[in-house]
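J.: Structure incoming, see below.
A short reminder: the numbers here are calculations on the coordinates, not readings from a lab. Since the model is a prediction, treat every value here as computed from it, not as a measurement. With ideal geometry, Cβ positions are generated from the backbone for all residues, glycine too; neighbour counts draw on all protein chains shown.
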Amino acid sequence: MNKLSAALLVGAATLAFAASAQAEADGEAIYNQACMACHMTGAAGAPIRGDADAWAPRVEQGIDTLYTHAIEGIGAMPPKGGQMGLSDEEVQAAVDYMVEPVL
Ligand code: HEC
């Protein structure tokens, strides 16, 4: 029994570690890897995660528009944050994570 739970724990840790590189869409990991450089600092005028005033007019456009702009780019925001290796689902998960504190 102990051996089994240890094996399960190791498996879970490995999965969590692999998530940022895998199709498994982990919004937080993708944000940390691909979006944080601009969206934590406000670089190039990027709306900062958790800044309700900056996000209010953007969130009003609807989540689908935000997904589209994140995937295709808008203004100084490069398509997929410049990480063209990300799938659309991964970018959407990162958008969900980004707007979650202001919804
Ligand atoms: C190189 C800097 C940079 C990176 C990296 C970046 N962004 Fe942005 N992002 C911006 C800027 C600048 C804007 C504001 C664009 C504008 O409205 O003119 C923006 C705006 C957005 C918006 C709002 C779009 C709208 O319709 O108002 C979303 C959503 C977004 N980014 C998601 C992401 C996601 C998800 C990632 C990571 C996959 C990411 N960004 C990575 C710079 C960046």
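J.: If I filter the range 48-103 down to residues being β-branched (Val, Ile, Thr) and more than 6 Å from the ligand (Cβ to nearest atom), which single residue comes out as nearest to the chain's Cα centre (by Cα)?
T.: For the range 48-103, the residue satisfying everything is Val99.
J.: Given the condition touching a residue at least 60 places away in the same chain (Cβ under 8 Å), of a type outside the set (Gly, Ala, Ser) and under 17 Å from Ala37 (Cβ atoms), answer yes or no: does some residue in the range 71-80 qualify?
T.: No, that holds for no residue.
J.: Residues of the range 81-90 being more than 20 Å from Ala54 (Cα to Cα) and in contact with a helix residue (DSSP H, G or I) (Cβ under 6 Å, 6 or more places away or on another chain), which ones?
T.: Within the range 81-90, Gln83, Leu86, Asp88, Glu90 qualify.
J.: Using beta carbons and a limit of 7 Å, which pairs, at least six apart or on different chains, have the first residue in the range 46-63 and more than 19 Å from Ala93 (Cβ to Cβ) and without any contact (Cβ under 8 Å) to a residue 60 or more places away in the chain and the second one near the ligand (Cβ under 8 Å from one of its atoms) and aliphatic (A, V, I, L, M)?
T.: Taking only residues 6 or more apart or on different chains, not a single pair turns up.
J.: Quickly run through the range 71-103 and pick out the residues that are touching a Pro at 6+ places or on another chain (Cβ under 9 Å) and not hydrophobic (A, V, I, L, M, F, W, C).
T.: Glu72, Gly73
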